């Protein structure tokens, strides 16, 4: 029983190591959260589903698929998705409220960003894979528990901070868009350098 609790706790810590660091996904979730709490959570669910897909792929295919020959194209694909999302955020009119289709579009954008984000892919191919052998399914339950907590708490804090402060909300979206574009530029630079 103590091993299960240890693995669960370790999975929680591992999940927060994936979700808390600043990156393109948190920038996207932040930009959606200032519009509406629901949009931030929806973006978080898209990210969580992307992590689930990546986690399952890594867990089941790690010994049969060699990605070294396509890693440059993973960076280029990720940069393209990030550039599109970053520019879309920067072009969004200030104070845009959620539309009827925003939920599905937000989920799809976050999912697309997640499954093409080299930072998430590399995390799963390294940290996620290594710990899959150590803790098994219990560790993954803890990991996704941490992600579930983050995708509710992070948008709630951001939305509360931006609510009734249109200038704060506007600047959060601009900064989020610029961060995503900067990550895209970084990935293009890494792809141009080639394998190290």
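Laboratory data are not the source of any read-out in this text; all were calculated from the coordinates shown. From a predicted model like this one, the values you see are computed outputs, not experimental measurements. Please note: Cβ atoms are built from the backbone with ideal geometry, for glycine as well, and neighbour counts cover all protein chains shown.
Measuring r between the beta carbons of residue 49 and residue 141 and using R0 = 22 Å, the FRET efficiency lands at 0.85.
For region 146-171 versus region 1-41, the inter-centroid distance based on Cα atoms is 14 Å. Highest-first packing order for the peptide set 150-161, 27-38, 42-53, 78-89 is 27-38, 42-53, 78-89, 150-161, based on the mean count of other beta carbon atoms within 10 Å.
With r defined as the distance between the Cβ atoms of residue 72 and residue 20 and R0 fixed at 30 Å, what FRET efficiency is calculated, to the nearest 0.05?
Once rounded, the FRET efficiency stands at 0.60.
With neighbours defined as other Cβ atoms within 10 Å of a residue's Cβ, the residues 17, 69, 176 order from fewest to most as 69, 17, 176.
Annotation: region 2-193 has a Kirkwood hydrodynamic radius of 17.0 angstrom, from the mean reciprocal C-alpha pair distance. Sorted ascending by nearby beta carbons within 10 Å, beginning with the fewest, 3, 39 become 3, 39. For region 1-53, the square roots a ≥ b ≥ c of the C-alpha gyration tensor eigenvalues yield an a/c of 1.5 or more together with a/b exceeding b/c, which makes the shape prolate.
Using 7 Å Cα-to-Cβ label points, what is the residue 38/residue 127 separation (nm, one decimal)? Computed distance between label sites residue 38 and residue 127 equals 3.2 nm.
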